[in-house]
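Structure first, then comments.
The values are calculated or read from the model by the stated rules, or taken from the named source; none is laboratory data. What you are looking at is a predicted structure, and each value in this text was computed from that prediction instead of being measured. Please note: Cβ atoms are built from the backbone with ideal geometry, for glycine as well, and neighbour counts cover all protein chains shown. Remember, those area values only see protein heavy atoms, side chains included, never the ligands or the DNA or RNA. Shrake-Rupley method; radii C 1.70, N 1.55, O 1.52, S 1.80 Å.
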Amino acid sequence: MRLLILGTGWMAEQHARQFGSIEGVELAGAVDIERSRVDAFSDVHGIANRFTSLEDALDWGKFDAVANVTPDRIPHPTTMTLIAAGKPVLCEKPLAENYTKANEMAAAAEEAGIINMVNLTYRNVAPLQKARQMVLAGEIGTVRHVEASYLQSWLVSQFWGDWRTDPKWLWRLSRGHGSNGVLGDIGIHILDFASFGAALDIDNVFCRLKTFDKAPGNRIGEYQLDANDSFAMTVDFSNGALGVVHASRWATGHVNELRLRIFGDKGGIEVIRSLNGSDLMTCLGKNIDNGDWETLDAGSVPTNYQRFADAVRTGQPPEPSFRHAAELQKVLDLALVAEEKRTEQGVHADTE
Ligand SMILES: NC(=O)c1ccc[n+]([C@@H]2O[C@H](COP(=O)([O-])OP(=O)(O)OC[C@H]3O[C@@H](n4cnc5c(N)ncnc54)[C@H](O)[C@@H]3O)[C@@H](O)[C@H]2O)c1
């Protein structure tokens, strides 16, 4: 598979490293609107063909598939162009800024029969996959309650640099730059983590969002800092279970941590993913009476990058698909409506 990387910023490094290590995958070309960035990136990863526009790369055309690693409002127009050109796409999350656009992307890919996948990174976490298998096998009985959090601390720490001066953090804080804040950025990760792990869909959502003061006039240069940086959500799952899902960039002491706790009537499961690795813990059988937890070995699972490469090779549609990301985007859109109206929103209301 000859791969084109579209957008050569921070996350593209991960794509280049991961795809570069897969047998049969060649990093054939790279595109970035910033000439200096695409050159520096291509030098590091040994990429010969460099472009400053997608149109130029399409005129060249010598690639089989694309990793779209552009900022949140760029994947929609560029992916629509790529689908029209018949190119399989692994698109970064979130698929688009809203459900309407995400749905358009899913529909276009489905109609064209193009391999499409969204990089919900935490599907690579073996304990999450194992947790889902255990839930589906009935090991914890009927799920009653789910607690999920995604905690980051980059607004209070320097671990990933200074958000006040780094464009990759500033665009994430600004609605005018296409960001839906923490909800749009990592909300989709934690909703997927919770609903995939618990093997349940979300039926209703209520959400509160906060955007805290961060700079004089809440502006730094061209960036108006108006995108939310903390949210707390309650959800009903399809089987009637209750869930609480929250995320923040103000979680002092937690650089990047996802946690999922699933409580059933026969047992509990906990998954934690942080920069230190991931863990799976269960409370089952006799342990329930004393509230004792055991750590399990979840083994390993193929990465999204590997599964995308396999899908392009075999023609078998991979998961998570654009359709799945669009459905999650619907919940995120409704979370914004819930905050505005201060009322719970039904995810399937338009189809009932
Ligand atoms: N899956 C994950 O865990 C994960 C982690 C980080 C970021 N992301 C996602 O990856 C995407 C990129 O994030 P990032 O942190 O790398 O941002 P970034 O700002 O570091 O990089 C984005 C790059 O895209 C380039 N770009 C902008 N418009 C373009 C266009 N029209 N054509 C080509 N290039 C263009 C920019 O010049 C920049 O170099 C975002 O959608 C983000 O949500 C996903």
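Worth pointing out:
- Qualifying residue in the stretch 199-212 (condition: within 16 Å of the ligand (Cβ to nearest atom), open to solvent by 40 Å² or more (accessible area, probe 1.4 Å) and not hydroxyl-bearing (Ser, Thr, Tyr)): no
- Candidate set from the stretch 173-200 (those that are among the hydroxyl-bearing types (Ser, Thr, Tyr) and within 24 Å of Trp163 (Cβ to Cβ)); member that is modelled with the highest pLDDT: Ser174
- Search result, residues across the stretch 136-174 that are touching a strand residue (DSSP E or B) at 6+ places or on another chain (Cβ under 9 Å), more than 15 Å from the ligand (Cβ to nearest atom), open to solvent by 20 Å² or more (accessible area, probe 1.4 Å) and of a type in the set (A, V, I, L, M, F, W, C): none
- Candidates in the stretch 7-38 are the residues that are surrounded by fewer than 15 Cβ atoms within 10 Å (Cβ to Cβ) and of a type in the set (Ser, Thr, Tyr); of these, the one that is farthest from Arg313 (Cα to Cα) is Ser36.
- Pairs linking a residue in the stretch 22-37 that is within 11 Å of Ala48 (Cα to Cα) to a residue that is open to solvent by 60 Å² or more (accessible area, probe 1.4 Å) and within 16 Å of the ligand (Cβ to nearest atom), with Cβ atoms under 8 Å and 6 or more positions apart or on different chains, are Gly29/Arg50; Ala30/Arg50.
- Checking each residue in the stretch 328-343 for being surrounded by 15 or more Cβ atoms within 10 Å (Cβ to Cβ) and touching a strand residue (DSSP E or B) at 6+ places or on another chain (Cβ under 8 Å) picks out Val331, Leu334, Ala335, Leu336, Ala338, Glu339.
- Scanning the stretch 64-86 for residues that are over 22 Å from Gly187 (Cα atoms), crowded, with 20+ Cβ neighbours inside 10 Å and not β-branched (Val, Ile, Thr) returns Ala65, Leu82.
- Residue check for Pro88: in contact with a Gly (Cβ under 7 Å, 6 or more places away or on another chain) and either at positive phi or touching a residue at least 60 places away in the same chain (Cβ under 8 Å) (or both): no
- Each residue in the stretch 114-135 was checked for being buried (at least 20 other Cβ atoms within 10 Å of the Cβ) and without any contact (Cβ under 8 Å) to a residue 40 or more places away in the chain, and 1 pass.
- With respect to the conditions (1) within 12 Å of the ligand (Cβ to nearest atom); (2) in a strand (DSSP E or B), Met11 falls short on a single one, namely (2).
- Within the option set Ala325, Ala232, Ala251, being crowded, with 21+ Cβ neighbours inside 10 Å, of a type outside the set (Phe, Trp, Tyr), closer than 17 Å to Ile188 by Cβ and modelled with pLDDT of 95 or more holds for one residue only, Ala325.
- For the criterion of being within 15 Å of Val271 (Cβ to Cβ) and surrounded by fewer than 20 Cβ atoms within 10 Å (Cβ to Cβ), Glu111 fails.
- Filter result (touching a helix residue (DSSP H, G or I) at 6+ places or on another chain (Cβ under 9 Å), farther than 30 Å from Met117 by Cα and among the hydrophobic types (A, V, I, L, M, F, W, C)) within the stretch 285-315: Trp293
- Tally, over the stretch 145-203, of residues that are touching a Leu at 6+ places or on another chain (Cβ under 6 Å) and assigned to a loop (DSSP other than H, G, I, E, B): 1
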